[in-house]
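The structure appears below as structure tokens.
The values are calculated or read from the model by the stated rules, or taken from the named source; none is laboratory data. Because the structure is a prediction, the values reported are computed rather than measured. Glycine also receives a Cβ, built like all others from the backbone with ideal geometry; neighbour counts cover every protein chain displayed.
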């Protein structure tokens, strides 16, 4: 019994690593994509759905995380091409 209680105490004392991604762990490009996604969510906030929507001709295309990541990746890529072109 004492061995089990000692193991449990030892387990509780050890710090558990957080699974959350911290901002300082992200690369510069990942931070930029994150900022773009935040901006897209603000710009395309939908009053009907909980997710942001791209609305065209009264039709809603919900911007799920996969679509937002794809869109952000293309925006970052395009902005790099414009900077290189200038």
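Does residue 68 satisfy being part of a strand (DSSP E or B), surrounded by 12 or more Cβ atoms within 10 Å (Cβ to Cβ) and at pLDDT 90 or above? No, not satisfied. Taken as a whole, the structure leaves residue 21 outside the set of residues that are surrounded by 10 or more Cβ atoms within 10 Å (Cβ to Cβ), at pLDDT below 95 and in a helix (DSSP H, G or I).
Per the listing 29, 35, 81, the residue uniquely free of Cβ contacts under 8 Å to residues at least 24 places away in the same chain, touching a helix residue (DSSP H, G or I) at 6+ places or on another chain (Cβ under 9 Å) and part of a helix (DSSP H, G or I) is 35. So, in the range 42-64, exactly how many residues are in a helix (DSSP H, G or I) and within 24 Å of residue 81 (Cβ to Cβ)? The number of residues fulfilling the criteria is 1.
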